[in-house]
Amino acid sequence: LNPRWKFFLHVDELRWDEVLQDILTLENVDQTLLFRVAAAHALEHYSNSTAKEIAKHSLAGLVELGQLGIVSNLIKLHGVDALGVDCFISKYIKADIEFRQLKETYVIDEPTKDEQICTKFKAIAHTFEQAIQSHDVLKYPSLVDDCQFMLGLSFYYSSQFNKAAIAFQRANEGENKEQSVWMAIVSLDHIESLSPEEQQLKDELSELYIEN
C-alpha cells in the first residue's frame, strides 16, 4: 500500500501512534497536505495525548511552511486552547494571528500614535513573550527566531524601542537575520538619547549589517 494512503488509513482509523510516526518519517509527499489532514483530525480528538502532540507538530509544520491561512482556519474552527494554554505553539499562533489581523487595519510601517492600537500591540507582545517562556519552547527551535522577530515588531509598533532592539538582536540567527539586524538599528534610531551601551550595540549592529 502506498505510504500516503497508509497515512490516510491511519488517520481514518484514529491510530494516533502510527499517524505520529507517519508525519515524522514520510518523505516525498505534500507536506502541507500531510500536516493539514493530521492537524484537522487530531484537533477533533485532542483529549488523546498523542493526538494533541500530532496537532502541535502539524500546526508548527504548517507555520514553518508559511501556511498561516490554513492554521488560522483550523484555530478558528477548534480554538487555540485545544492545544493547551501553556504550550509554545498555542501562544505563538495566537499572537501571530492577532498581529496579522491588527496589521490588516494598521497598514503603516511606523510606530503607532493611536493609544488603543498601541495597547493591542503591547498585548500581542506579551503573548509572544509568554510563548518564548513556555516550558516546551525547546521543541520548536526553528520557530523561536521567528517568534523573537515578531516580538520585536510588536515592541516596535508600540514604541518600546529598547525592548524591540533586544528582541531583533536575539532573532538574528534565523532566516530573518539581515532584516532583524536592520530593524534593531532602526529601533535604536528611535531612542532620542542612547546610553553608552546602546550606542555601542548600534555601532556593532551597523558593522554587522554592512558586512552582510
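Each reported figure results from applying straightforward, stated rules to the coordinates on display, with no laboratory input. What you see is a predicted model; the values in this text were computed from it and never measured. Methodologically, a virtual Cβ is constructed for each residue, glycine included, from the backbone with ideal geometry; neighbour enumeration extends over all protein chains shown.
With +1 assigned to the C-beta of every Lys and Arg and -1 to the C-beta of every Asp and Glu, and no other charges, what is the dipole magnitude of region 48-152 about the Cα centre in debye, to the nearest 20? Present the calculation step by step, with values, prior to reporting the outcome.
Working: 11 positive and 15 negative charges, 53 e Å.
So the magnitude is around 260 debye.
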For region 161-197 the GluC sites (Glu not before Pro) that pass both the DSSP coil test and the at-most-15 other-Cβ-within-10 Å test are GLU173, GLU175, GLU192
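Calculate the dipole size of the chain relative to its Cα centre from +1 charges on Lys and Arg beta carbons and -1 charges on Asp and Glu beta carbons; express the result in debye to the nearest 20. If you can, show how the numbers build up before the last one.
On the way: 19 positive and 34 negative charges, 151 e Å.
About 720 debye.
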Here, ASP189 and LYS103, labelled 7 Å along Cα→Cβ, have an inter-label distance in nm of 1.9 nm
On each of the three principal axes the extent of the alpha-carbon atoms of the chain, given in whole Å and largest first, is 65, 39, 29
Here, chymotrypsin sites (Phe, Trp or Tyr not before Pro) of region 1-104 satisfying both criteria (DSSP loop; at most 10 other Cβ within 10 Å) are none
For the chain, the charge dipole (Cβ of Lys, Arg +1; Cβ of Asp, Glu -1; about the Cα centre) points to a positive end, and the Cα of CYS87, SER159, SER47 closest to that extreme belongs to SER47
Plugging the Cβ-Cβ distance of VAL29 and GLU178 into 1/(1 + (r/R0)^6) at R0 = 25 Å yields, to the nearest 0.05, a FRET efficiency of 0.20
Distance in nm between GLU64 and LEU14 label points, each 7 Å along Cα→Cβ, equals 2.9 nm
Simple spin-label estimate for ILE132/LYS76, 7 Å along Cα→Cβ, in nm, reads 3.0 nm
Computed about the Cα centre, the charge dipole of region 14-93 from +1 Lys/Arg and -1 Asp/Glu charges at the Cβ has a magnitude in debye, to the nearest 20, of 280 debye
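Within a Cβ distance under 13 Å of HIS126, other residues only, what is the Lys/Arg minus Asp/Glu net charge?
+3
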The chain, Gaussian network, Cα under 10 Å: of ILE124, ILE108, ILE75, the residue fluctuating most is ILE108
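Give the longest segment of the chain that steers clear of trypsin sites (Lys or Arg not before Pro) in DSSP loops with at most 16 neighbouring Cβ atoms within 10 Å, not counting the sites themselves. Present the calculation step by step, with values, prior to reporting the outcome.
On the way: sites that count: ARG15, LYS113.
My reading of the result: 114-212 is the longest stretch.
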Candidates GLU53, GLU110, GLU44; GNM for the chain (alpha-carbon contacts under 10 Å) flags as most fluctuating GLU110
Helix 49-64: inclination vs the chain longest Cα principal axis, degrees, rounded to 10, gives 50 degrees
At the level of C-alpha centres, the distance separating region 135-212 and region 1-41, in angstrom, is 38 Å
A chain fully extended from LYS139 to ALA123 at 0.36 nm per residue, minus the present Cα-Cα distance, gains in nm 3.3 nm
